[in-house]
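The values are calculated or read from the model by the stated rules, or taken from the named source; none is laboratory data. All figures in this text were calculated on a predicted structure; none of them were measured in a lab. We place every Cβ from the backbone using ideal geometry, glycine too, and count neighbours over all the protein chains shown.
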Amino acid sequence: MPYSWKEKVRFIEPYIPGEQPESRVIKLNTNENPYPPAPCVIKAIREFDLESLRFYPSAESDPLREAFAKYYSLDKDNIFIANGSDDVLALSFLSFFYSDLPVFFPDVTYSFYKVWCALFNIPFELKELSADFKINVTDYYGENGGVVIANPNAPTAIPLNLAEVEDIVSHNLSSVVILDEAYAGFGCESAMGLIKKYDNLLIVQTFSKSRSLAGMRIGAAFGNKELIAVLSAVKNSYNSYPVNKLSQAAAEASLNDAAYFAETTAKVIKTRTFAAEELKKLGFTVTESETNFLFAEHEKISASSIKNYLESKNIYVRFFNAPRINNHLRITIGTDEEMEALIRELKSFLP
Ligand SMILES: *Cc1c(COP(=O)(O)O)cnc(C)c1O
């Protein structure tokens, strides 16, 4: 009888992250921050009591939750911490999307959402963005098993305003609405003020982008305490200690450096304005961005050939070979010098 272990295991199409090249390159492909973590974060890591690593960390990241509670004027019970916002989001899908009804999200959005739906057997229905990649809020009014929206959306960079976010949340009082604010800090208004008003809203944020801590893997969710309790129970059925002690300490320190946060996010925004203008002069259309990246399409030259040319010059940008967006590039905002190098190379390549 033919028999193989392959008949019993799970084969799945995974999310594919942007490359992490080893050599020194200009890396504009995974939306990392071009500036280092805040000085007080580096100090906290240097001065960390390494001998304490023999102990397990706080299971619920309590000191960090307390720091967040002060930071956002919330209660500790409104806050959940896990190993990067991808971990927070995966656990949230597992916790809140648990009916037979389809979960709604845009056809063009963070591509991990579909992967988690496949992994957890969650039915979903894609809502088509308009031709100019805008979310139409009324698409999210129908009966559903939940809603997930990245705001600003990725990879389009386009924000919804607070009234539009509230419109979606208030039309879905019998579902959980997950709002992925991965790019909070780069200009888009946060909906944090709405979590006291709506018990169905879960906001997810990360330390990876605006706080320059992608390598530490820390993400957070904010919501009504009953939502957080559900999420916490699922987490504790899977992994009691998702965030290590050093990461918790680094994240806590990061919240104490408001001045550095304001300074580096303002620099990214200023560079974004400059880079968008330069790209437009070179024949790109660029969507409105309230993130640390630009979403751009050239009028004549294909995105894949631009990507390949830039890579040959050691500049990495992100290209998605996916319907509707396979002629766009997602370009992370680097330092002024990095963006100048990018523009220089594009000038020599484009007609
Ligand atoms: C970057 C990103 C994440 C994941 O960030 P983590 O590094 O896992 O915290 C989640 N959602 C969106 C939309 C992102 O762009």
Item to check | Complete set of residues in the range 186-205 that are of a type outside the set (A, V, I, L, M, F, W, C) and either at pLDDT below 95 or within 12 Å of the chain's Cα centre (by Cα) (or both) | outcome: GLN205
Next on the checklist: So, in the range 52-96, how many residues would count as being more than 19 Å from the chain's Cα centre (by Cα) and either within 16 Å of the ligand (Cβ to nearest atom) or in a loop (DSSP other than H, G, I, E, B) (or both)?
Outcome noted: 11
Checklist entry - Here are some conditions: (1) within 12 Å of the ligand (Cβ to nearest atom); (2) in contact (Cβ under 8 Å) with a residue 60 or more places away in the chain; (3) under 15 Å from ILE81 (Cα atoms). LEU231 meets all but one. Which one does it not meet? => result (1)
Checklist entry - Restricted to the range 181-192, and to residues that are part of a loop (DSSP other than H, G, I, E, B), over 15 Å from ASP87 (Cα atoms) and not polar (S, T, N, Q), which residue is nearest to the ligand (Cβ to nearest atom)? => result TYR183
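SER23: of a type in the set (S, T, N, Q) and either at pLDDT 95 or above or not in a loop (DSSP other than H, G, I, E, B) (or both), yes or no?
No, not satisfied.
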Checklist outcome for this item: In the range 1-53, anything surrounded by 13 or more Cβ atoms within 10 Å (Cβ to Cβ), among the hydrophobic types (A, V, I, L, M, F, W, C) and closer than 30 Å to TYR110 by Cα is listed as VAL25, ILE26, LEU28, ALA38, VAL41
Checklist outcome for this item: Going through the range 161-180 in order, the residues found to be surrounded by fewer than 23 Cβ atoms within 10 Å (Cβ to Cβ) and either within 16 Å of the ligand (Cβ to nearest atom) or among the small types (Gly, Ala, Ser) (or both) are ALA163, SER170, SER174, SER175
Checklist entry - Say we look at the range 134-145 and pick out the residues that are more than 14 Å from VAL169 (Cβ to Cβ) and touching a strand residue (DSSP E or B) at 6+ places or on another chain (Cβ under 8 Å); which of these is surrounded by the most Cβ atoms within 10 Å (Cβ to Cβ)? => result GLY145
Item to check | Top-ranked residue of the range 108-131 - restricted to ones that are touching a residue at least 60 places away in the same chain (Cβ under 8 Å) and not aliphatic (A, V, I, L, M), ranked as surrounded by the fewest Cβ atoms within 10 Å (Cβ to Cβ) | outcome: SER111
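Would you mind finding the one in ILE16, ILE12 that is part of a loop (DSSP other than H, G, I, E, B), within 16 Å of the ligand (Cβ to nearest atom), among the hydrophobic types (A, V, I, L, M, F, W, C) and under 30 Å from TYR316 (Cα atoms)?
On the way: ILE12 fails: within 16 Å of the ligand (Cβ to nearest atom).
Just a single option satisfies the conditions, and that option is ILE16.
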Next on the checklist: Which residue is nearest to GLY18 (Cα to Cα), if the candidates are limited to the range 200-224 and must be in contact with an Asp or Glu (Cβ under 7 Å, 6 or more places away or on another chain) and more than 11 Å from the ligand (Cβ to nearest atom)?
Outcome noted: ILE203
